[in-house]
Amino acid sequence: MDAALRSHLGDQGITPECIETIVLTRDVLARVGDRWTVLVINALASEPLRFGALHKRLAGVSARMLSQTLRLLTKDGLVTRTVYAEAPPRVEYSLTSLGRSFSESIDGVVRWVQEHQPEITKNRLDFELGAAQELTR
């Protein structure tokens, strides 16, 4: 997909620097928009956690998906994985400074949802009621 997107943008005369920004932005938004990234970042915001503790905090995530999400967040530099030379080995995950700055952005979204929760809930209910009425016509 990246190659096709890069080619398409290049054909439109967009500079290589802008193309790189566009591709990275799309990639980061895809990561942020996945099901588990925001929840992992939020869980790690208060303290470093071992894999098992993090897995317990995130109801519904499989170990495989959590592992994949942590790997991608580590790749992007949002999470760090620290292995302690103990027997048995202990591994902790924590937010990097980049991850903490992202966590602060997430806090803004959470506050927005909290402030608008009644309105959003009402709109969803109105929509569902309207859809149900259309089905009965």
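The values are calculated or read from the model by the stated rules, or taken from the named source; none is laboratory data. The structure presented is a predicted model; accordingly, all values stated were derived computationally and were not measured. All Cβ positions, glycine included, derive from the backbone under ideal geometry; neighbour counts span all protein chains shown. Heavy atoms of the whole protein, side chains included, go into the accessibility calculation; ligands, DNA and RNA do not. Shrake-Rupley method; radii C 1.70, N 1.55, O 1.52, S 1.80 Å.
At a glance:
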read-out	value
Pair list, Cβ < 6 Å and 6+ apart or interchain, from the range 20-44 residues that are of a type in the set (A, V, I, L, M, F, W, C) to residues that are in a helix (DSSP H, G or I) and surrounded by fewer than 12 Cβ atoms within 10 Å (Cβ to Cβ)	V23/D2
Criterion (modelled with pLDDT of 95 or more and open to solvent by 50 Å² or more (accessible area, probe 1.4 Å)) met by exactly one of Q133, Q117	Q117
Scope the range 1-31; condition hydrophobic (A, V, I, L, M, F, W, C) and assigned to a helix (DSSP H, G or I); matching residues	A3, A4, L5, L9, C18, I19, I22, V23, L24, V28, L29, A30
Verdict on L39 being open to solvent by 50 Å² or more (accessible area, probe 1.4 Å), under 16 Å from the mean Cα position of the chain (by Cα) and under 30 Å from G10 (Cβ atoms)	no
Among (1) under 18 Å from V32 (Cα atoms); (2) of a type in the set (G, A, S); (3) open to solvent by 40 Å² or more (accessible area, probe 1.4 Å) - the single one S94 does not satisfy	(3)
From the options T21, T25, T69, residue that is among the β-branched types (V, I, T) and modelled with pLDDT of 95 or more	T69
Residues satisfying the stated conditions in the range 87-137, i.e. in contact with a Lys or Arg (Cβ under 9 Å, 6 or more places away or on another chain) and basic (K, R)	R90
